[in-house]
Amino acid sequence: MYIHHAYELLEPTQELTLYKQKLASVCKINLRRANKFNLLAVYGALSCLQNKPFSSNIGIYLATEYGPVESMVSVLEQVSKKDGIIMPFDFLGINTNASFYIAQALKAEGKHMMLTAHNQSFEKALQLAYFDLIHKEVDDVLVGYVDTSLSFIEEKHHPFVTQNTHDQSYWLYANREPHNALARIESIEAFANNEVMHRSYPDTILNSGTIFQCLAHESKNLLHVKHDEKGKCMVIKMQKL
């Protein structure tokens with residue numbers, strides 16, 4: 001699996017209107033009533049592939065930790081009010097349909113999906129894309145991670161000890177073609193715990209960063225390790241080209 005393009009968006013909390021303006025600069029798709037999560041997803045995906053060729057049989061794999069939280073909070077607030085009525089577009093916004101919007105914008109004919117797995121969402125999405133690519137289910141893949149800032153949630157309602165205070169949209173484009181690639185993913189493996197993992201990789205330095213930080217690292221041969229809340233870990237072995 002060869003990585004050819006990468007795109008990163010990491011910004012402190014921004015207004016929805018800003019992402020509408022950004023998306024309008026790269027695409028004419030009508031997402032006038034979309035929430036910020038969907039806008040971030042479509043804008044990041046299109047920015048990764050802007051002015052670059054790709055197959056119509058491209059697989060789109062969108063990962064997230066929290067999903068469209070703002071729409072969910074809005075719906076919950078509406079139903080908790082006396083005689084509260086859910087606004088239709090708020091209700092539609094809680095559906096995980098961002099990958100459909102991306103496929104629509106790209107005129108893609110391959111599979112598309114959205115996945116979530118706490119602490120390993122992107123890695124598991126990448127693992128599925130890797131499997132589909134090597135088994136020729138798709139011709140190329142677009143793998144992304146998207147989450148909106150949770151800074152709008154009151155501190156007493158914070159779901160975790162640490163919270164995401166930035167809008168994020170990260171994307172990788174990969175295929176089976178080595179020419180002009182940035183890096184090659186050699187394997188993606190899952191282990192029950194650190195002890196089992198170290199039997200295969202005894203000299204591994206644990207890295208809880210991102211794939212994108214690995215790509216920026218000066219080393220040629222890289223191991224990206226990511227744990228979930230139960231101690232299970234995934235190891236992605238890469239070589240920069």
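The values are calculated or read from the model by the stated rules, or taken from the named source; none is laboratory data. Here the structure is a predicted model, which is why all the values come from computation and not from measurement. Using ideal geometry, Cβ is built from the backbone for each residue, glycine included, and neighbour counts are taken over all protein chains shown. For the accessible areas, the whole protein counts, side chains as well, though only heavy atoms, and no ligand, DNA or RNA atoms are used. Shrake-Rupley method; radii C 1.70, N 1.55, O 1.52, S 1.80 Å.
Out of everything in the stretch 1-60 that is among the charged types (D, E, K, R) and in a loop (DSSP other than H, G, I, E, B), what residue ends up being nearest to Q127 (Cα to Cα)?
Result: K52.
Here are some residues: E123, E109. Which one is surrounded by 19 or more Cβ atoms within 10 Å (Cβ to Cβ) and either under 23 Å from L40 (Cα atoms) or modelled with pLDDT under 95 (or both)? Break it down stepwise before answering.
On the way: E109 fails: surrounded by 19 or more Cβ atoms within 10 Å (Cβ to Cβ).
One residue alone meets the criteria, E123.
The single condition from (1) more than 23 Å from A117 (Cβ to Cβ); (2) at pLDDT below 95 that D139 fails is (2). Residues in the stretch 11-59 that are in contact with a strand residue (DSSP E or B) (Cβ under 8 Å, 6 or more places away or on another chain) and of a type in the set (D, E, K, R): E11, K36, K52.
Counting only residues that are acidic (D, E) and either free of Cβ contacts under 8 Å to residues at least 24 places away in the same chain or outside any helix (DSSP H, G or I) (or both), the stretch 121-146 holds 3 of them. In the set N35, N97, N30, only one residue is loosely packed, with under 13 Cβ neighbours inside 10 Å, at pLDDT below 95 and among the polar types (S, T, N, Q); that residue is N30.
Among the residues examined, Q50 qualifies as free of Cβ contacts under 8 Å to residues at least 40 places away in the same chain and open to solvent by 30 Å² or more (accessible area, probe 1.4 Å). If you go through the stretch 133-142 and keep only what is crowded, with 16+ Cβ neighbours inside 10 Å and of a type in the set (D, E, K, R), you end up with D139, D140.
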